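Chemist: Okay, here's the structure, questions in a sec.
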Amino acid sequence: MEIVILDGYVDEPAGLGVPPYVDVYPRYIAGAVWSVEAGANITYFTVDQVRSNLDLFMKTASRADVVVFIAGVVVPGKYLGGEPIKVEELLLWSKLLERPIKILGGPVARFGIGEEGGKIATPPSTFKEYFDLVATGDVEMVVYHLIKEKLRVEYIDPSIRRKSYSEISNFAIKGAKIVLQHPNYGFNLIAEIETFRGCPRRIVGGCSFCIEPQYGRVTFRSISDIVKEVEALYNMGVRHFRLGRQPDFYIYMSKQANEEEFPKPNPSAIKKLLEGIRSVAPRLETLHIDNVNPGTIFHHKEEAIEITKILLQYHTPGDVAAMGIESADPKVIKLNGLKVMPEEAFEAIKIINAYGSKRGWNGLPELLPGINFVTGLIGENAETYRLNFIFLKKILNEGLMVRRINIRQVLPLPNTRMWLIGDRLVRKNKKYFKRFKDRVRKEIDLPMLKKVVPKGTILRSLYTETYEGKNTLARQSGSYPLLTYIPDLLPLKIKLDVVVVDHGYRSVTGVPYPLNVNKASRRLLSQVPFLSRKDVEKIIVKRPFVNLDEVALIISNKKALQYLSV
Ligand code: SF4
C-alpha cells in the first residue's frame, strides 16, 4: 500500500506545525496507517518541498492509494521556516490527482483556513467537491478506518472522532518514524507534543474568537502515553520537544477541569510528566511549553508557583509561557468572555517573572511570559488601544520582562461568536491597530528586548536557517525563538553561539562567538564589542595569528579579546 502525506502546515491556538515544528497530524496519521498495514510505504512531503519539485510530488502521489492533505492556519503569523499551503494550492493539487483517494485533514477540515488575520476564513464546505473525505472529525481516525475497510470510502464517516486518547496510543508511537523524512530532521526539528484538548472555559462559553471549546469536554492524555511517545521520537533522533498542544499547560491533569472555569492545577502530575520525559530523553536539547492561562495563575497562585518551580527544574531555558490576554479593555473583556481583567493578567506576569527571569545556560531567561493581543473584537474602539498600550507600558515601567508581544487581528472562524461579527471592527479600527502596533514596536518591544538580552549576552546553540540580503538568519530551537541577524553569509544548517551586539524591535544582531580573527570577514570583525575600526584594520593586515596574545599586542581595548579566538 502506498500512502502520501502532504503537510501543508498548521497553526492553531494550541498547536504549531510550521518547520522547524512537526505537529501531531503527520505522526498520528502515519501511525494509524502502520497500525493496520505495517508494511505500507508512506512518503511525506512538506508543502515547501512540493513547491520546489511539483513533478516529483505529482509522480509519487498519482501512484499512491491514498493522499492525505494536512492544512489549517487558524492563527496566521509570519513564518521563517516555511510557508503554509494556500487555498488555491490545495484545490489545484487535489484536482490534478485523479487516481488516489484524497483526504483533507487538520483544522482546515474542521474549522476552515485563514491566510491573514482580519480576513474571513475560508470555510470547510469549500473543499467538499475536491476531496473524497473532508475529515471534520479526527483525521487519523478517518485514515485508520479507511485502511481497515480496505479503502472503501463509502464505509467511512469523516466526522469520526477518537473516543479517548487510548485509541491513538499506538499511532503516536508507531508514527514517530515519519520524522525521519522531515527536511529539518537531524538539525533543528522540534516535535509538538499533545497533553490534552478542550478548554475548561467552555462551561462559561469560552472566548468569542476561539475554536478550542469546540473540542468539547477536557480530556487528558495519560502521562505514560506522552512519555512513551517522547521516548519513541527520541529513539528516532529527535532532540527538541515542546509541550504545546493544550490551551493551558498549568492545568494538565487537573481534577476540576470539567467543573470549574479556572480549575485547580495538579503540580504532582506535572512533576511526574516532566520527570518521565527527562528519564526517557536524557540528552534532549529543548524541552519547552506553550500556552498558559493567566487566569489559572491568578486564581491559584500557590499551585502556579509550585508548577513554575518544577518547570525550572526539568525544562530548558528560553522557555515561554504564552498568555492569551487579548485585551486590556474591561468592556471588551466582558463582551468577548475573555479570561482575565488587566490587573489579574499583570499579577500573573509578575509571578512568572519572580521565578523565571533568571538567566539560563543558553543566554536567555529561564521562563518568561509571552503576551497575545487580539484586535477587532466585539466592543473595541480607540479607547481599547489606549488601554492596551497603558497596560504594556506598566509592565515595562515596573521592570518586568516579557519574551514577546504578539498583536494579531482576529480571524473570524465558523461556529465562533466572532463569525457573526466578521471583520467589521477590524476594518473600522484599522488606523488604531496600525498606530498601536507601531508604538508597541518602538516604545515597548525595543526597550524590552534590550532588557531580555542586553548587549554582550552570549546566546548558545543557534541554528543558521536562511539568508536575508547579506545576513544569515539564525535561531535557537524552542518556543518563540528569538531571531538573530548575523551580518555575513555563513553556511546554512550549522549550529553556533553568538554574542548580541545590537537590537531591532523584534530581533537582535549577533556575531559568532568566539569569532575567529584569522577567518572572519571585515564586516563581522567590525561588529565585535570593544574593537575599534583601527583595530580591525590592524587585524586584517597582520593575520594570521598563532594565539590571542599576538592579537592583544595590536588592539587598543583588551576587553575585545573575550569575544575572539584564533
Ligand atoms: S481560555 Fe479562551 S482563548 Fe483560551 S482556550 Fe479557552 S476559549 Fe480559547
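The values are calculated or read from the model by the stated rules, or taken from the named source; none is laboratory data. None of the values given here were measured: they were computed from a predicted structure. For neighbour counting, all protein chains shown are included, and Cβ atoms are generated from backbone atoms with ideal geometry for every residue, glycine included.
Chemist: Can you find a residue in the stretch 419-436 that is assigned to a helix (DSSP H, G or I), more than 20 Å from Ile378 (Cβ to Cβ) and modelled with pLDDT of 95 or more? Before the answer, list the steps.
Modeler: The initial filter retains those residues of the stretch 419-436 that are assigned to a helix (DSSP H, G or I), namely 419-421, 424-428, 430-436.
The next check asks that each one be more than 20 Å from Ile378 (Cβ to Cβ); those that pass are 434-435.
After this cut, where a residue has to be modelled with pLDDT of 95 or more as well, the list is 434-435.
Yes, there is a match, as at least one residue in the stretch 419-436 is assigned to a helix (DSSP H, G or I), more than 20 Å from Ile378 (Cβ to Cβ) and modelled with pLDDT of 95 or more.
Chemist: Do you know which residues across the stretch 397-446 are out of contact with any helix residue (DSSP H, G or I) (no Cβ under 6 Å at 6 or more places or on another chain) and over 23 Å from Val75 (Cα atoms)?
Modeler: Asn397, Glu398, Gly399, Lys442, Glu443, Leu446
Chemist: Out of the residues in the stretch 15-41 that are more than 26 Å from the chain's Cα centre (by Cα) and crowded, with 18+ Cβ neighbours inside 10 Å, which is farthest from Gly82 (Cα to Cα)?
Modeler: Checked the stretch 15-41; the qualifying residue farthest from Gly82 (Cα to Cα) is Ser35.
Chemist: Go through the residues of the stretch 117-126 one by one and say whether even a single one is part of a helix (DSSP H, G or I), touching a residue at least 24 places away in the same chain (Cβ under 8 Å) and within 15 Å of Phe69 (Cβ to Cβ). Talk me through it step by step, then tell me what you get.
Modeler: Step one: list which residues in the stretch 117-126 are part of a helix (DSSP H, G or I), which gives 124-126.
Remaining after also requiring touching a residue at least 24 places away in the same chain (Cβ under 8 Å): 124, 126.
Add one more test, that the residue is within 15 Å of Phe69 (Cβ to Cβ), and what stays is 124, 126.
Yes, because at least one residue in the stretch 117-126 is part of a helix (DSSP H, G or I), touching a residue at least 24 places away in the same chain (Cβ under 8 Å) and within 15 Å of Phe69 (Cβ to Cβ).
Chemist: Which of the residues spanning the stretch 111-135 are surrounded by fewer than 20 Cβ atoms within 10 Å (Cβ to Cβ) and more than 23 Å from the chain's Cα centre (by Cα)?
Modeler: Result: Pro123, Ser125, Thr126, Lys128, Glu129, Tyr130, Asp132.
Chemist: Still on this structure: Which members of the stretch 315-346 meet the condition of being assigned to a helix (DSSP H, G or I) and either free of Cβ contacts under 8 Å to residues at least 40 places away in the same chain or surrounded by fewer than 16 Cβ atoms within 10 Å (Cβ to Cβ) (or both)? Spell out how you get there, then give the answer.
Modeler: Residues of the stretch 315-346 that are assigned to a helix (DSSP H, G or I), as a first pass: 330-335, 342-346.
Answer for the stretch 315-346, where residues must be assigned to a helix (DSSP H, G or I) and either free of Cβ contacts under 8 Å to residues at least 40 places away in the same chain or surrounded by fewer than 16 Cβ atoms within 10 Å (Cβ to Cβ) (or both): Pro330, Lys331, Ile333, Lys334, Glu343.
Chemist: Taking helices (runs of 4 or more DSSP H) that fall entirely within the stretch 1-115, which contain at least 1 residues that are of a type in the set (Asp, Glu)?
Modeler: Correct list: 47-52, 54-63, 87-96.
Chemist: Residue pairs, Cβ under 6 Å, 6 or more apart or interchain, first in the stretch 183-212 and more than 18 Å from Asn235 (Cβ to Cβ) and in the same structural domain as Pro414 (by TED's automatic domain parsing), second within 16 Å of the ligand (Cβ to nearest atom) and among the acidic types (Asp, Glu). List them.
Modeler: What qualifies is Cys199/Glu212; Arg201/Glu261; Val204/Glu261.
Chemist: Restricting to the stretch 280-301, and then to whatever is in contact (Cβ under 8 Å) with a residue 12 or more places away in the chain and farther than 14 Å from Asp248 by Cα, can you tell me which residue is nearest to the ligand (Cβ to nearest atom)?
Modeler: Kept after step one, since they are in contact (Cβ under 8 Å) with a residue 12 or more places away in the chain, are these residues of the stretch 280-301: 280-281, 283-301.
When the remaining residues are screened for being farther than 14 Å from Asp248 by Cα, the result is 280-281, 283-287, 301.
Details: Val280: 29, Ala281: 28, Arg283: 33, Leu284: 27, Glu285: 29, Thr286: 24, Leu287: 22, Lys301: 18 Å.
Filtering first and then ranking leaves Lys301.
Chemist: Right, another one. If you take the residues of the stretch 175-201 that are part of a helix (DSSP H, G or I) and buried (at least 21 other Cβ atoms within 10 Å of the Cβ), which of them is nearest to the ligand (Cβ to nearest atom)?
Modeler: Ranking the candidates gives Arg201 first.
Chemist: Same structure, new question: Of the conditions (1) under 14 Å from Ile407 (Cβ atoms); (2) touching a residue at least 40 places away in the same chain (Cβ under 8 Å); (3) surrounded by fewer than 15 Cβ atoms within 10 Å (Cβ to Cβ), Val440 satisfies every one except a single condition; which number is it?
Modeler: Just one mismatch for Val440, condition (3).
Chemist: Of all the residues that make up the stretch 312-340, how many are within 13 Å of the ligand (Cβ to nearest atom) and more than 17 Å from the chain's Cα centre (by Cα)?
Modeler: 9
Chemist: Taking Val566, is it of a type in the set (Val, Ile, Thr), within 22 Å of Gln476 (Cα to Cα) and surrounded by 14 or more Cβ atoms within 10 Å (Cβ to Cβ)?
Modeler: No; evaluated as a whole, the condition is false for this residue.
Chemist: Follow-up question, since we're still on this one. Given the options Ala348, Ala269, Ala304, name the one that is in contact with a Ser or Thr (Cβ under 7 Å, 6 or more places away or on another chain) and either over 21 Å from Val410 (Cβ atoms) or more than 16 Å from the ligand (Cβ to nearest atom) (or both).
Modeler: Criteria check complete, one pass: Ala304.
Chemist: Give the residues of the stretch 211-249 that are under 30 Å from Ile325 (Cα atoms), away from the ligand (no atom under 16 Å from the Cβ) and outside any loop (DSSP other than H, G, I, E, B), sorted by residue number.
Modeler: Selection gives Ile223, Ile226, His240, Phe241, Arg242.
Chemist: Quick check on the stretch 532-551. Is at least one of its residues outside the structural domain of Leu368 (by TED's automatic domain parsing), surrounded by 15 or more Cβ atoms within 10 Å (Cβ to Cβ), in contact with a Gly (Cβ under 8 Å, 6 or more places away or on another chain) and without any contact (Cβ under 8 Å) to a residue 60 or more places away in the chain?
Modeler: no
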